[in-house]
There are 2 protein chains.
Amino acid sequence: MEEMNIEAFKGLLAEKNYKVLRQKLLETEPDNIADLLDSIPDDTALTVFRLLPKTLAVDVFDYMDGSLQNRLLECFSDQAARNFLEAMPPDDRIELLEEVPANVARRLLQILSPEQKRLTVHLLGYKEGTAGREMTPYFVDLHSYLTVAQAMERIRRLAINRETIYVCYVMDRARHLIGTVSLRDLVVADPEARVSDIMTPNPVFVFTNTDREEVAKTLLDRDLIAVPVVDAEERLVGIITHDDVADIVEEETTEDIYRFGAVAGTERSYFTSRILDVVKSRAAWLFLLILVNMLTGSIIAGQEALLGEMVILAAFIPLLIGTGGNVGAQSATVVIRGLATGEVNPKKAMAVVGRESLVGIVLGLTLGVAVLILAYLLGRDLMVAAVVTFTLVVISVIATIVGGALPFVFRLVKLDPALVSAPFISTVMDISGVFLYFVVANIMLSL
Amino acid sequence: MEEMNIEAFKGLLAEKNYKVLRQKLLETEPDNIADLLDSIPDDTALTVFRLLPKTLAVDVFDYMDGSLQNRLLECFSDQAARNFLEAMPPDDRIELLEEVPANVARRLLQILSPEQKRLTVHLLGYKEGTAGREMTPYFVDLHSYLTVAQAMERIRRLAINRETIYVCYVMDRARHLIGTVSLRDLVVADPEARVSDIMTPNPVFVFTNTDREEVAKTLLDRDLIAVPVVDAEERLVGIITHDDVADIVEEETTEDIYRFGAVAGTERSYFTSRILDVVKSRAAWLFLLILVNMLTGSIIAGQEALLGEMVILAAFIPLLIGTGGNVGAQSATVVIRGLATGEVNPKKAMAVVGRESLVGIVLGLTLGVAVLILAYLLGRDLMVAAVVTFTLVVISVIATIVGGALPFVFRLVKLDPALVSAPFISTVMDISGVFLYFVVANIMLSL
């Protein structure tokens, strides 16, 4: 595959040399084509898009920016839009319908053929984020009494429009899933053998309402090519393939990372979301954190007498609360990621918090030595330096406990542990750190 | 598949009823078996482990804790260890050799058969984190002049020990990769057709020294089952399959998340790493951040005169630097993740920073209204409230610029953008926030 550069592309367009252009496009990667289309006016882009064969067009479309997708869809005639939509795999079509504005989605749904419309509406009926919404109904089903040769014949016939033929699903007469058989097994088996003899019984499956994160874990833990999805009566209704799982993992990870950074929503398309939406997705958390920080401020304001006498105490506030936030963020990072990958689980909560607090003590003592010296150099007051150091050690321990325990507490009350963001932890440590600091200062300095 | 509960398991063990135990284990998921083995003494675990057929044993081993793996390997006789190691796929073997202590790795390498030892040492010769280290040499290679029937015959023969047979690689006489052909294409093709007629020419490939993150992107972008790996002369030497890519993505993401939380290294196994190693992986960044916070402290100490007069100014320090850190962390989160997924790239740096600073202005003004009121309520001084609010708006803008631009700057100087951690940003905002605050306070309050 070659890259087409934009000058060559625009040259051919200017000459209206569509024949050569089409030929060149056939040799170009879909993502490259999407970039090229993004660089020219919409009506020209539509002309070029129409040159592409249907399957390539679907691939290219998948790589486009959301806004370019919308604009192209609006230019389509109903017939063109219908042909195009029906060429897409049903799960990709659902995703498209979710992402376009509601009026466009309605129009697209109307123009589908009755059969495709029924299928699409059926899939749209599942809750977002569940297996039902992600699955494709295009899998290969086999009966257990077929011979291997008959099964191969069936696979050959169905191959053209199935998402995968590398795993086939064996069902009984009531469409209950009773086993799986891989194309690998079929290829090496005796053609006269029965599917029932070579299939793997008791296959792993998920339900239509299983959370898609759970689906991803199931597929990845067992290195599957696809996970079968069954309805409440355990009848097979669809499959989710490894490449769809890769997309799920990427989206879920982005969501976790955003939450840890206290950004709400996923802002799926960075450049196309409106500034005000972006502000909204960030302002809520910030505002909450500002309220807490006002409390922190009122604790400090309450210490006017002490601070008026010893202004130097104020100089160590950023150091103490900053270290508390940083230490807490480290613990939370490790625990949240562990919960996401499955290395850590709620049963191990006590062990994790115990371990983290031990880390906190050792960290606090290590950093304390440095801080004792630095604080003395800055304040030239041994008692103040002692107050700062002692507070730092205690803050380290509290921070590791807070950072280590909060993700578990969130899970316990059914919130996503990833909501324990770095800003959240640092704000909790701001208020507890300042409170602790002045308690320690008042006690030690009045000795 | 059923879950075996630990009581049933221990019961069978106590009765020494190995026959039933083996039968039950064959019906149990490998991860479940690994958990069971972890709950009993090492010598008993070894006895049970020996009951497992070789391929299941390899799977179970893969699910074990690092420390249990080591302990079991130490109990193995040379012959047992050799049989076991040679049953592992070469890429998993490499991973094992990397993770066990050096003396164990040396022993294991010595006991391999000469052929397997050569292969292993060969793979170990590639730099960690490159395609060469992750690839497996067990793929299906085909000559282009074979008929489809001959190709299928060859696949049948090789199937048993190839990582995948779903994509086959077509090579010329000099072992250059000239095309790929999927088992799907072979199954539907006329048995008399030539491989050269149905193969997809110009396949995507990576080099042995390609970074593994790049490999993952290549596979995921094109929804491949496996990526072929070629040497400097473009001869095919291995493949990397989709399940290995899933592991790569998980490890790389963990690394990115850890870095954003200012945790060095990946602490691959949370419960088995030593407390001191954990402290080491976290203390370095904390210490650096403490040094910066000492500078922040000295700025405050330098304002003794002003603060002595107006202690209330100290009360707003946590609010201002906290908000700066939080706003900056949000921007950095979005940009770092965008760089990791490819949505944002260095060419768009100016657009991103421009967008972020716009977000910063709007965020600052929005939050500013709330802060003006709250600050007045806390300090009962309109001028101080004005100073705080004005500083907050400016800090918001600076924070979005710092958070948005630093990941690009890091990439520019060839550092990983994920090193721009939340603690790093918040510390930068501590010092710049405090500095700004007192500049503004000195100017506005002396009016």
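The values are calculated or read from the model by the stated rules, or taken from the named source; none is laboratory data. As the structure is a prediction and not an experimental result, all values here were calculated from the model. Cβ: placed from backbone, ideal geometry, glycine included. Neighbour counts: every protein chain shown. Side chains are part of the model used for accessible areas, which takes the heavy atoms of the whole protein and leaves out ligands, DNA and RNA. Shrake-Rupley method; radii C 1.70, N 1.55, O 1.52, S 1.80 Å.
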By residue number, the members of the range A:201-227 that are in contact with a helix residue (DSSP H, G or I) (Cβ under 9 Å, 6 or more places away or on another chain) and assigned to a strand (DSSP E or B) are A:206, A:207, A:211, A:226, A:227
When the range B:161-177 is checked residue by residue, the ones that are charged (D, E, K, R) and either touching a Phe, Trp or Tyr at 6+ places or on another chain (Cβ under 8 Å) or outside any loop (DSSP other than H, G, I, E, B) (or both) are B:162, B:163
Answer yes or no: is there a residue in the range B:168-190 that is charged (D, E, K, R), in contact (Cβ under 8 Å) with a residue 60 or more places away in the chain and over 30 Å from residue A:62 (Cα atoms).
yes
Among B:274, B:212, B:259, B:282, the single one that is farther than 30 Å from residue B:428 by Cβ and modelled with pLDDT under 90 is B:274
Of the conditions (1) more than 17 Å from residue B:422 (Cβ to Cβ); (2) among the polar types (S, T, N, Q); (3) under 25 Å from the mean Cα position of the chain (by Cα), the single one that residue B:331 does not satisfy is (1)
Checked B:227, B:187 against criteria (open to solvent by less than 20 Å² (accessible area, probe 1.4 Å) and closer than 20 Å to residue B:129 by Cβ); the one match is B:227
When the range A:245-265 is checked residue by residue, the ones that are of a type in the set (Asp, Glu) and either in a loop (DSSP other than H, G, I, E, B) or more than 7 Å from chain B (Cβ to nearest Cβ) (or both) are A:247, A:251, A:252, A:255, A:256
Exactly one of A:193, A:174, A:151 is small (Gly, Ala, Ser) and either closer than 16 Å to residue A:244 by Cβ or buried (at least 17 other Cβ atoms within 10 Å of the Cβ) (or both), and that residue is A:151
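Give the residues of the range A:296-335 that are within 22 Å of residue B:251 (Cα to Cα) and facing chain B (nearest Cβ under 8 Å), sorted by residue number.
Selection gives A:329, A:330, A:332, A:333, A:334.
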Evaluate the following for residue B:398: is it in contact with a Ser or Thr (Cβ under 9 Å, 6 or more places away or on another chain) and away from chain A (no Cβ under 14 Å)?
-> yes
Among the residues of the range A:1-38, the number that are out of contact with any Phe, Trp or Tyr (no Cβ under 6 Å at 6 or more places or on another chain) and open to solvent by less than 90 Å² (accessible area, probe 1.4 Å) is 22
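Kindly provide the set of residues from the range B:336-354 that are of a type outside the set (A, V, I, L, M, F, W, C) and facing chain A (nearest Cβ under 7 Å), ordered by number. Reasoning before the result, please.
In the first step, residues of the range B:336-354 are kept if they are of a type outside the set (A, V, I, L, M, F, W, C); the result is B:337-338, B:341-343, B:345-348, B:354.
Scanning the range B:336-354 gives B:337, B:338, B:341, B:343.
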Out of all the residues in the range A:47-68, is one or more surrounded by 15 or more Cβ atoms within 10 Å (Cβ to Cβ), in a helix (DSSP H, G or I) and among the acidic types (Asp, Glu)? yes
Over the range A:230-244, the set of residues under 19 Å from the mean Cα position of the chain (by Cα) and either facing chain B (nearest Cβ under 8 Å) or surrounded by fewer than 23 Cβ atoms within 10 Å (Cβ to Cβ) (or both) is A:242, A:243
Checked A:362, A:344 against criteria (open to solvent by less than 30 Å² (accessible area, probe 1.4 Å) and β-branched (Val, Ile, Thr)); the one match is A:344
Looking across the range B:413-441 at residues that are within 19 Å of residue B:315 (Cβ to Cβ) and more than 9 Å from every other protein chain (Cβ to nearest Cβ), the single one that is most open to solvent (accessible area, probe 1.4 Å) is B:435
Inset, instruction - Evaluate the following for residue B:82: is it modelled with pLDDT of 85 or more, open to solvent by 60 Å² or more (accessible area, probe 1.4 Å) and outside any loop (DSSP other than H, G, I, E, B)? - result: no
If you go through A:339, A:319, A:295, the only one that is in a helix (DSSP H, G or I), closer than 30 Å to residue A:258 by Cβ and open to solvent by 30 Å² or more (accessible area, probe 1.4 Å) is A:295
Within the range A:96-125, of all residues that are outside any helix (DSSP H, G or I) and either touching a residue at least 24 places away in the same chain (Cβ under 8 Å) or under 19 Å from residue A:58 (Cβ atoms) (or both), the one farthest from the chain's Cα centre (by Cα) is A:113
Going through the range A:305-316 in order, the residues found to be open to solvent by 10 Å² or more (accessible area, probe 1.4 Å) and either outside the structural domain of residue A:395 (by TED's automatic domain parsing) or assigned to a helix (DSSP H, G or I) (or both) are A:305, A:306, A:308, A:309, A:312
Practice item. Might you check whether a residue that is more than 7 Å from chain A (Cβ to nearest Cβ), part of a loop (DSSP other than H, G, I, E, B), of a type in the set (Gly, Ala, Ser) and open to solvent by 10 Å² or more (accessible area, probe 1.4 Å) occurs anywhere in the range B:266-279? Key: yes
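Every residue, every condition in (1) under 25 Å from the mean Cα position of the chain (by Cα); (2) aliphatic (A, V, I, L, M); (3) within 30 Å of residue B:344 (Cα to Cα), yes or no:
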site	(1), (2), (3)
B:394	no, yes, yes
B:397	no, yes, yes
B:412	yes, yes, yes
B:417	yes, no, yes
B:421	yes, no, yes
B:444	no, yes, no
